[in-house]
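Below is one structure; the comments refer to it alone.
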Amino acid sequence: MKYCPECGNELRSGAKFCPDCGHNIEQQSKHNKENEESVEETYKLVGEKIDTTNTSNRWMKTILILLVLVVSYFLINHFNSPKEEVFTLNEITEEVAGNYAEITGMLLGTKDPIIEVEIKNGRLYGRNSNGKFGFDLQINGKYKYVGKLDLKGLITTYNVEFDPQKKRLVFTPENSPMDWYIQKIE
């Protein structure tokens, strides 16, 4: 059913004028069709602009999110990265230097030889009394060392770490996962 846009009266099908107020329905229909076409074109244009704006906004949001992720990654890595431990030679000398024993007896052939360990000139030195065992290590951290080990004339490179809880120097050969240790004697 159609109604008169002017007075709201119900119109018969195909009516050109409103029987109540005389409003020209045909002229109104032409005007409405023109307006509808104009509105449709406007929606198309605005829709395209909106899509373009949305695409641009999506790119900006994506770039912003990526930027936040990259900055977060670097901040997290910076604050979670291991910090270089600050120590003094006197501090580690007190803990590391002293007398050690090769408890297993496997390397020196006996459990008795004492290995005297000391720090001199920024290096960790160790020797036993019978000359079958010795090392000269460079300090790489508070409890980390690297250097040459002389075992009965065989010289090899080792990474060495002092374990403060167990009071031992743990020796790991450069090319082998197998390690051994000497125990500090209190």
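Derivation of every value follows stated rules applied to the coordinates shown; laboratory data play no part. Since we're looking at a predicted model, the values are computed, not measured.
Database remark: amide H of Asn140 closer than 5 angstrom to the amide H of Tyr145, Val146 (H placed geometrically; neighbours at sequence offset of 5 or more, or on other chains; Pro and chain starts carry no H).
Quarter the surface of the alpha carbon convex hull of the range 89-184 and you get the mean projected area, 5.7 square nanometres. Cross-linked pairs Lys144/Lys166; Lys132/Lys166; Lys120/Lys166; Lys120/Lys142; Lys144/Lys167: Cα-Cα separations exceed 18 Å for Lys132/Lys166; Lys120/Lys166.
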